[in-house]
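Single-structure report; data block below.
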Amino acid sequence: MSGQTELFSPPAQDGQALAAMQIEELRAQLTRWAHAYYVLDAPSVPDGEYDRVYQQLERLEAAHPALITPDSPTQRVLGSVLPGLAAVRHAVPMLSIRTETDTEATGAQAFDARIRRELGLAEGDPPVEYIAEPKFDGLAMNLRYEQGRLVQAATRGDGELGEDVTHAIRTIRQIPLSLQGEQVPPVIEVRGEVYMRGADFERLNQRQQAAGEKLFVNPRNAAAGAVRQLDARIAAQRPLSFFAYGLGEVTPPEQGGPRFATHYALLQRLKSWGFPVAAEARIAHGAAELAAFHRAMGAQRAALPYGIDGVVYKVNGLALQRQLGFVTREPRWAVAHKYPPQEMVTTVQAIDVQVGRTGKLTPVARLAPVFVGGATVTNATLHNLFELRRKRVRVGDAVIVRRAGDVIPEVLGRVEEGAVRQPYVPNFHMPRACPVCGSAVVREPGETDHRCSGGLFCGAQRKQALLHFASRKAMDIEGLGEKLVDQLVDQDILHSLPGIYGLQVDQLAGLDRMGEKSAQNLCDALEKSKHTTLARFLYALGIRNVGEATAKDLARHFGQLDALLAADVDALMQVNDVGPVVAESIRTFFAQPHNTEVVQQLRAAGVRWSEAAPAAAARLPLAGKTVVLTGQLPTLSRDAAKDLLEAAGAKVAGSVSKKTSYVVAGAEAGSKLAKAQALGLPVLDEEGLRRLLAKEPD
Ligand code: IVH
């Protein structure tokens, strides 16, 4: 390792005392770095540096086993598998919160009115100060620290008795094993929610699937399973996260414990001790601001990296909280204000099959109508035959249906508990013939999807292919939408893609919802679309595995369509990001005479683009570089900067990572710039960007 010296030279003969100091310093440093990485999401050193110091600590500890303590960063995953989980009696009961079932703004008004009444406030009195927080969808956890060290983690259980899950919770990198900073009380219990991020859940399920293990239904269930894992080594493989939001038992102020005036101050202190606290928490005054928070979080919900099922309102002043007190098991000073649930249970009435653009057959469950995710759902996808089999879904079953944001509703799984299955329900089978065109249904070896082999002969595929061809990022034919395509195919007017360019005004004008004027507009749009780019044209053809980005790469690499048509698999794999699967899809597509015929007919109909000299991608100045744009540049719009960079061979990415080559930052650049600086990446302004674009290739 050139130029890098170890922070400490190995211990000499007077070892123990010196080693103890070194070990302590290394632990403090690793803890700070891990906090920056896992909690602040702002790495302060490169991963390699962290690993180097971690290994140095491991070596020192191996040489001095007597100095190993359970709060060392090397000791997150502890040895043996537990026989079971021990019961834990909570020093302070873990309460639940009253839920405001009404999901509109009136939920916030009802809570505020109750608080004002309890506090004896009159109409003219000032608004009450609240904290509004997300209601995390995970499991409540009590973390007990003594002398600043994590000694026990327990689930909520029934509120009085929970389960000891310390071994599993220690593996969560966001949870400090020892508290940072000053003013650490002798005893403090921190309460919060253990959860799994959406992206971590997806990755976990992909891993499970690859290993042939069972899949988890949702992030909540995956988190609950991981927490109750008896083997810490397995728990450590399940990516869990944590948010702190409250306290349990704490040393009283007169014995050296902390004194907080507000819940907000408490959250700030939790943060300074090293806990993740939701950045979304806000102070709100009165019902209107609570309702605004409920609305704002609702709008952000789908984009949040963690799942929420509502928001929580809490009276901010802790003296007021004490004054308000409790009713049975619920505090009067807090309420949960829910969103319409994104998951509901309903029954499967039938299982049908739908045919998509590429001929993929998707099993779809027809459901007893259910209101979920803010809409009534009657159909939900089962993805493919293997998913359906894995979930063991049959007609008559009670199932969990999920609808989140604009995502297509899906069947997550069967409700197993207490389910009574109707006898003699036949298992679902994929049809042998396409339900739309009757062509043979095939499944290639190693593939999960069944496909109709009818190609554009199949009406379902033809409709989807036409819509894709006309879509904005493809040929961009304005006015050629779903309703129109349905009519054109169902009435046997359109049989092929090139047929689009033969459509006549009088033919169109007779169709449903089409007047003379809109028919003329469509014909104009068709004419206009003929002048396009090679990238758009390739994308529009709907070749399997060729998305917008790949189409651009192909166009850039080959410059001319005929060069692409002549390329074999090896030549195709020279293109940026094209591997064997994509190359094979492209070859297979152009090997079929009817596809090359479509291409010829489209060209004959006048579809054209300006062909460029083939640019060997490696000769472009920024080939192989990844660039992130952030903030507002003085003269270039974001799209213009992106186009320039892509034309120079660079890939433009949305987020900063170790792999980023350059970050181009303009005015009001935020966290991306901070992250770039933390990672020590080169940061350019517009001037620097222009110099970079003018550069000769490396
Ligand atoms: S405070 C006395 N804050 O909701 C109030 N709870 O029924 C104690 N939850 O099981 C809870 N997000 O796990 C609080 N920001 C938040 C929360 C939250 C989720 C869960 C908690 C508890 C349930 C309350």
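Some points to look at:
- Some residue of segment 334-347 being within 15 Å of the ligand (Cβ to nearest atom) and assigned to a helix (DSSP H, G or I): no
- Residue match in segment 298-312 (condition: within 30 Å of ALA122 (Cβ to Cβ) and more than 19 Å from the chain's Cα centre (by Cα)): yes
- Reported count of residues in segment 388-407, each being crowded, with 19+ Cβ neighbours inside 10 Å and more than 23 Å from GLY298 (Cα to Cα), is 5.
- Strands (runs of 3 or more DSSP E) wholly inside segment 130-180 containing at least 1 residues that are free of Cβ contacts under 8 Å to residues at least 60 places away in the same chain and within 16 Å of the ligand (Cβ to nearest atom): 139-146, 149-155
- Flag if LYS530 is modelled with pLDDT of 95 or more and charged (D, E, K, R): yes
- GLN321, sole failed condition from (1) of a type outside the set (Asp, Glu); (2) surrounded by 20 or more Cβ atoms within 10 Å (Cβ to Cβ); (3) modelled with pLDDT of 95 or more: (2)
- Of the residues making up segment 370-413, just one is part of a strand (DSSP E or B) and of a type in the set (Asp, Glu), namely GLU410.
- Just one residue in the set GLY257, GLY325, GLY248 is within 16 Å of the ligand (Cβ to nearest atom) and in contact with a strand residue (DSSP E or B) (Cβ under 7 Å, 6 or more places away or on another chain); that residue is GLY248.
- Filter result (part of a helix (DSSP H, G or I) and within 15 Å of the ligand (Cβ to nearest atom)) within segment 73-106: none
- Condition met for PRO185 (away from the ligand (no atom under 14 Å from the Cβ), touching a strand residue (DSSP E or B) at 6+ places or on another chain (Cβ under 7 Å) and touching a residue at least 40 places away in the same chain (Cβ under 8 Å)): yes
- Only listed residue being over 24 Å from ILE308 (Cα atoms) and surrounded by 13 or more Cβ atoms within 10 Å (Cβ to Cβ), chosen from VAL348, VAL415: VAL348
- The lone criterion from (1) within 13 Å of the ligand (Cβ to nearest atom); (2) modelled with pLDDT under 95 left unmet by PRO305 is number (1).
- Count of segment 88-104 residues which are over 22 Å from TYR264 (Cα atoms), surrounded by 16 or more Cβ atoms within 10 Å (Cβ to Cβ) and among the aliphatic types (A, V, I, L, M): 1
- Contact map, segment 272-298: residues that are within 16 Å of the ligand (Cβ to nearest atom) paired with residues that are part of a loop (DSSP other than H, G, I, E, B), Cβ distance under 6 Å, separation 6+ or inter-chain. Pairs shown: PRO276/GLN174; GLY298/TYR339.
- Qualifying residue in segment 110-128 (condition: within 9 Å of the ligand (Cβ to nearest atom) and either outside any loop (DSSP other than H, G, I, E, B) or surrounded by fewer than 16 Cβ atoms within 10 Å (Cβ to Cβ) (or both)): no
- Of the residues ASP524, ASP570, the single one that is among the acidic types (Asp, Glu), modelled with pLDDT of 90 or more and either loosely packed, with under 15 Cβ neighbours inside 10 Å or more than 37 Å from the chain's Cα centre (by Cα) (or both) is ASP524.
- Of all residues in segment 453-497, those satisfying the criterion of being farther than 22 Å from LEU538 by Cβ, in contact with a strand residue (DSSP E or B) (Cβ under 9 Å, 6 or more places away or on another chain) and in a helix (DSSP H, G or I) are GLY459, ALA460.
- Selection status of ASN545, farther than 19 Å from PHE469 by Cβ, touching a residue at least 12 places away in the same chain (Cβ under 8 Å) and not in a helix (DSSP H, G or I): no
- Residue within segment 201-211 that is touching a strand residue (DSSP E or B) at 6+ places or on another chain (Cβ under 9 Å) and either modelled with pLDDT of 90 or more or within 15 Å of the ligand (Cβ to nearest atom) (or both) present: no
- If you go through segment 665-693 and pick out every residue that is surrounded by fewer than 18 Cβ atoms within 10 Å (Cβ to Cβ), closer than 30 Å to PHE558 by Cβ and in contact (Cβ under 8 Å) with a residue 60 or more places away in the chain, you end up with 1.
- Residue list for segment 227-245, filter: buried (at least 19 other Cβ atoms within 10 Å of the Cβ), aliphatic (A, V, I, L, M), closer than 30 Å to ARG402 by Cα and away from the ligand (no atom under 16 Å from the Cβ): ALA235, ALA236
The values are calculated or read from the model by the stated rules, or taken from the named source; none is laboratory data. The structure displayed is predicted, hence computed values, not measured ones. Quick reminder, even Gly has a Cβ in these numbers, built from the backbone with ideal geometry, and neighbours come from all protein chains shown.
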